[in-house]
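**Student:** This is the structure, below, for whatever I ask next.
The values are calculated or read from the model by the stated rules, or taken from the named source; none is laboratory data. Here the structure is a predicted model, which means the values were calculated and not measured. Cβ placement follows ideal geometry from the backbone for every residue including glycine, while neighbour counts extend to all protein chains displayed.
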Amino acid sequence: MRSHQSPFTLTLSKGVPLLIFICTFLYGLFPNPASAEEQIPTIVVLVAYHSLSGYTEKMAREVAVGAKSVSGTRVVLKRVGDVTAPELFLSDAVIVGSPVYWANMAAEVKAFFDNWQFKFGVFPEFKMRNKVGAAFTTGGQVAGGKELTMLTILAAMLGNQMIVVSGGGAFGASATTEGDSPGLDEKELGEARALGQRVAEVAKIVKHGSAQ
Ligand SMILES: Cc1cc2nc3c(=O)[nH]c(=O)nc-3n(C[C@H](O)[C@H](O)[C@H](O)COP(=O)(O)O)c2cc1C
């Protein structure tokens, strides 16, 4: 037996779902620009590092925390050997970290830079041109070559026509890991976060004209 429905009930049962469907469709077509901006990261920061005993990796995680503290920043945190060509070329900034090996960057980090050409083909177009670059390091001794290590990393970036910046310390972020108090102290980890934050801010200025 068919139940009798009033015109009002019919309108409610069919009209309301139809109205919801139309509104959802229109909202999808014209999303609120402000909320879209909040959701879509506006810059990508690649943090690439080498680490055997874990100190430089710990620094890398803090650098990532600092970069993420700048709104609209997405961070890709990778060991140098795992970075892919799209990750490198789609990034707006690259922060490279290495332990000090004989007052220089580790061979794995040098190979990473060499592979920008051998594997990824940066030349002749200078595909890294105008991306922001920075460095961080950990070394066993107080005066064992940390600044030189950061400078060799920055030199490789300069050769690629990147915009090199510091943060944390004068040449980047660094930590002394051996000696009287082995490991990383809070000041050194803070330096790493300051570097990540500075790089993300500068990358935002370069890309959007403002750090806000
Ligand atoms: C082969 C090798 C060479 C090193 N040379 C230096 C050096 O010249 N100066 C220095 O201060 N520390 C030197 N170190 C110590 C490391 O830089 C230090 O332990 C670093 O924090 C290790 O980083 P990781 O824990 O990320 O591997 C050397 C270590 C190794 C294994």
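**Student:** Would you please name the residue that is farthest from the chain's Cα centre (by Cα), looking only at residues in region 177-196 that are acidic (D, E) and surrounded by 20 or more Cβ atoms within 10 Å (Cβ to Cβ)? Break it down into steps so the answer makes sense when it comes.
**Tutor:** Kept after step one, since they are acidic (D, E), are these residues of region 177-196: 178, 180, 185-186, 188, 191.
From the residues that got through so far, the ones that are surrounded by 20 or more Cβ atoms within 10 Å (Cβ to Cβ) too are 188, 191.
Values: E188: 19, E191: 16 Å.
Result: E188.
**Student:** Given the options V206, V202, name the one that is within 18 Å of the chain's Cα centre (by Cα), surrounded by fewer than 19 Cβ atoms within 10 Å (Cβ to Cβ) and assigned to a helix (DSSP H, G or I).
**Tutor:** On the way: V202 fails: surrounded by fewer than 19 Cβ atoms within 10 Å (Cβ to Cβ).
Every option except V206 fails the conditions.
**Student:** Only one residue in V132, V164 is crowded, with 16+ Cβ neighbours inside 10 Å and in contact (Cβ under 8 Å) with a residue 60 or more places away in the chain. Which one?
**Tutor:** Values: V164 fails: in contact (Cβ under 8 Å) with a residue 60 or more places away in the chain.
Just one listed residue meets the conditions, V132.
**Student:** Would you check which residues across region 177-193 are more than 16 Å from G97 (Cβ to Cβ) and among the polar types (S, T, N, Q) and list them?
**Tutor:** Across region 177-193, the qualifying residue is only S181.
**Student:** Pull up region 121-141, narrow it to residues that are assigned to a loop (DSSP other than H, G, I, E, B) and within 16 Å of the ligand (Cβ to nearest atom), then point me to the one that is nearest to the chain's Cα centre (by Cα).
**Tutor:** The first filter runs over region 121-141 and keeps only residues assigned to a loop (DSSP other than H, G, I, E, B), leaving 121-131, 140-141.
Going one step further and asking which of them are within 16 Å of the ligand (Cβ to nearest atom), we end up with 140-141.
Details: G140: 26, Q141: 28 Å.
Within region 121-141, the match that is nearest to the chain's Cα centre (by Cα) is G140.
**Student:** Related question: Which of the residues that make up region 169-182 are modelled with pLDDT of 95 or more, out of contact with any Gly (no Cβ under 6 Å at 6 or more places or on another chain) and not hydroxyl-bearing (S, T, Y)?
**Tutor:** The answer is G169, A170, F171, G172, A173, A175.
**Student:** Just to be sure, is L148 surrounded by 16 or more Cβ atoms within 10 Å (Cβ to Cβ), closer than 17 Å to H50 by Cβ and over 21 Å from the mean Cα position of the chain (by Cα)?
**Tutor:** For L148, the condition - surrounded by 16 or more Cβ atoms within 10 Å (Cβ to Cβ), closer than 17 Å to H50 by Cβ and over 21 Å from the mean Cα position of the chain (by Cα) - is met.
**Student:** Next question, about the same structure. Look at F118 and say whether it is more than 15 Å from the chain's Cα centre (by Cα), more than 30 Å from H208 (Cβ to Cβ), more than 16 Å from the ligand (Cβ to nearest atom) and modelled with pLDDT of 95 or more.
**Tutor:** Numbers: more than 15 Å from the chain's Cα centre (by Cα): yes; more than 30 Å from H208 (Cβ to Cβ): yes; more than 16 Å from the ligand (Cβ to nearest atom): yes; modelled with pLDDT of 95 or more: yes.
Against the criterion (more than 15 Å from the chain's Cα centre (by Cα), more than 30 Å from H208 (Cβ to Cβ), more than 16 Å from the ligand (Cβ to nearest atom) and modelled with pLDDT of 95 or more), F118 qualifies.
**Student:** Going by what's in this entry, would G172 be described as surrounded by fewer than 20 Cβ atoms within 10 Å (Cβ to Cβ) and small (G, A, S)?
**Tutor:** On the way: surrounded by fewer than 20 Cβ atoms within 10 Å (Cβ to Cβ): no; small (G, A, S): yes.
Against the criterion (surrounded by fewer than 20 Cβ atoms within 10 Å (Cβ to Cβ) and small (G, A, S)), G172 does not qualify.
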